[in-house]
């Protein structure tokens, strides 16, 4: 599987705020959706469940560059930038397909957590090997 995962969405009217563009909260939801789909596609979700663990977001960072509007077709690119003992940094880029404009970019620091104890635990090698990592921003 390619290390960069593509997640396509069409902006629904419900996520547009009083400023007439996509509400900031929608981007966080799309980041989570893209991460979950990427994890499922690589087998990470299955392996995480089998290990009795879950992934928990420790921190989200988003830089908004240009607004998105209802009806816009947007591609969310996501990739894993690194794995550390109990954490993994995932990055995102939001691109409007009509004009190629980068709307936002961000990252989430995820923590691998034991589902029973709620305590961080080491990420198994089989999970880290299920993803390619990209340290630098990928070519689009």
message: Tell me the Rg and the Dmax, in Å, that the Cα atoms of region 57-116 produce.
response: 14.2, 46
field: Radius of gyration and maximum dimension Dmax of the chain, Cα, Å
entry: 15.6, 47
- line: If the chain between residue 73 and residue 25 were fully extended at 0.36 nm per residue, the gain over the current Cα-Cα distance would be 15.5 nm
query: What is the antiparallel percent of DSSP beta bridges lying wholly in the chain, to the nearest 5?
result: 95 percent
- request: Return the calculated 222 nm mean residue ellipticity for the chain, to the nearest 500 deg cm²/dmol, obtained by summing -39500 (n - 2.57) across DSSP H runs with n ≥ 4 and dividing by the residue count.
  value: -6500 deg cm²/dmol
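Only the coordinates and a few stated rules stand behind these numbers; no lab work does. Everything numeric here is computed off the predicted structure, so don't read it as measured data.
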